[in-house]
Amino acid sequence: MGNKVVVGGIYRHYKGKDMLYEVVAEAINSETLEEMVIYKSLYKHGDYDIGTIWARPKKLFISKVPEDAININNQIFRFEYIGEKEQ
């Protein structure tokens, strides 16, 4: 999907097949004016419950997987769009 982020879309992180997130919104950091992606986890991760809200700079959210990373999903991008949330 390149540099487009779909609000309401479901994304998989390259580190795990079950590491799914829903994008809640795009935002602007009030201090730096950097574009941000606001998303929530759809799985429990360590001490963090399902529904934990995260924020990441958009440029990192849409970036390619680092070449030296363990990429079990063989993804091109750090977060891969996999579809819309089922209603």
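General observations
- Selected residue (criterion: nearest to VAL7 (Cα to Cα)) from residues of segment 24-49 that are over 11 Å from the mean Cα position of the chain (by Cα) and charged (D, E, K, R): GLU26
- All strands (runs of 3 or more DSSP E) inside the chain with 1 or more residues being of a type in the set (S, T, N, Q): 35-41
- Segment 1-23, residues that are in contact (Cβ under 8 Å) with a residue 24 or more places away in the chain, more than 10 Å from the chain's Cα centre (by Cα), surrounded by 12 or more Cβ atoms within 10 Å (Cβ to Cβ) and within 15 Å of GLY83 (Cα to Cα): MET1, VAL6
Listed here are the residues, each with its yes/no results for (1) out of contact with any Gly (no Cβ under 8 Å at 6 or more places or on another chain); (2) modelled with pLDDT of 95 or more; (3) among the basic types (Lys, Arg).
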| residue | (1), (2), (3) |
| --- | --- |
| TYR11 | yes, yes, no |
| MET19 | yes, no, no |
| GLU22 | no, yes, no |
| SER30 | yes, yes, no |
| GLU35 | yes, yes, no |
| ILE38 | yes, yes, no |
| THR52 | yes, yes, no |
| ASN71 | yes, no, no |
| GLN87 | yes, no, no |
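- Taking segment 46-59 as the range and being under 16 Å from ARG12 (Cβ atoms) and surrounded by fewer than 12 Cβ atoms within 10 Å (Cβ to Cβ) as the test, only ILE50 passes.
The values are calculated or read from the model by the stated rules, or taken from the named source; none is laboratory data. Since the structure is predicted, the reported quantities are computational estimates derived from the model, not experimental observations. Positions of Cβ are generated from backbone atoms using ideal geometry, with glycine treated the same way; all protein chains shown enter the neighbour counts.
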